[in-house]
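What follows is a short report on a single structure.
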Amino acid sequence: MIRKRVLVSGRVQGVYYRDTCRQVARDRGVAGWVRNLPDGRVEAVFEGGAEPVGALLAWAGEGPPQAAVAGVEAYDEPVEGLTGFSVR
């Protein structure tokens, strides 16, 4: 089990990034949350197995078709044991 905090920059707000992220996370069995930040970035936390979290990190670099991701920063954090995935 691992946990990553992710900051995504680019055109990622108003393009269904958060909702699509939630769908992809649920499909992969990854727990956590995603939210918009006031500076235009999206912040997310992913918890789960290394492979599913890695797949979600790869997706985060592309996002939904309407997005234009400019960059992704990912940080390791201690696992908290989250369940489910929500949009904040």
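Give me the residue from region 1-23 that is over 9 Å from the mean Cα position of the chain (by Cα) and of a type in the set (A, V, I, L, M) and, out of that set, surrounded by the most Cβ atoms within 10 Å (Cβ to Cβ).
VAL12
Give region 56-83 a look and list any residue that's part of a helix (DSSP H, G or I) and loosely packed, with under 13 Cβ neighbours inside 10 Å, or say none.
Within region 56-83, just ALA58 meets the criteria.
On the basis of being surrounded by 13 or more Cβ atoms within 10 Å (Cβ to Cβ) and over 17 Å from ARG3 (Cα atoms), does VAL45 make the cut?
In short, no.
Find the residue count for region 34-55, including only residues that are in a helix (DSSP H, G or I) and closer than 17 Å to THR20 by Cβ.
Number of matching residues: 3.
Among the residues of region 24-42, which ones are out of contact with any Ser or Thr (no Cβ under 9 Å at 6 or more places or on another chain), crowded, with 16+ Cβ neighbours inside 10 Å and free of Cβ contacts under 8 Å to residues at least 60 places away in the same chain?
Listed by number, the residues that qualify are VAL24, ARG28, VAL30, ASN36.
So which residues in region 1-30 are in contact with a Pro (Cβ under 7 Å, 6 or more places away or on another chain) and part of a helix (DSSP H, G or I)?
TYR17, THR20, ARG28
For region 26-44, which positions are over 15 Å from SER9 (Cα atoms) and not basic (Lys, Arg)?
Correct list: ASP27, GLY29, VAL30, ALA31, GLY32, TRP33.
Read-outs throughout are calculated quantities, based only on the coordinates presented, and are distinct from any laboratory measurement. In this text, all values refer to a predicted model and were calculated from it rather than measured experimentally. So basically every Cβ, Gly included, is an ideal-geometry build from the backbone, and we count neighbours across all protein chains shown.
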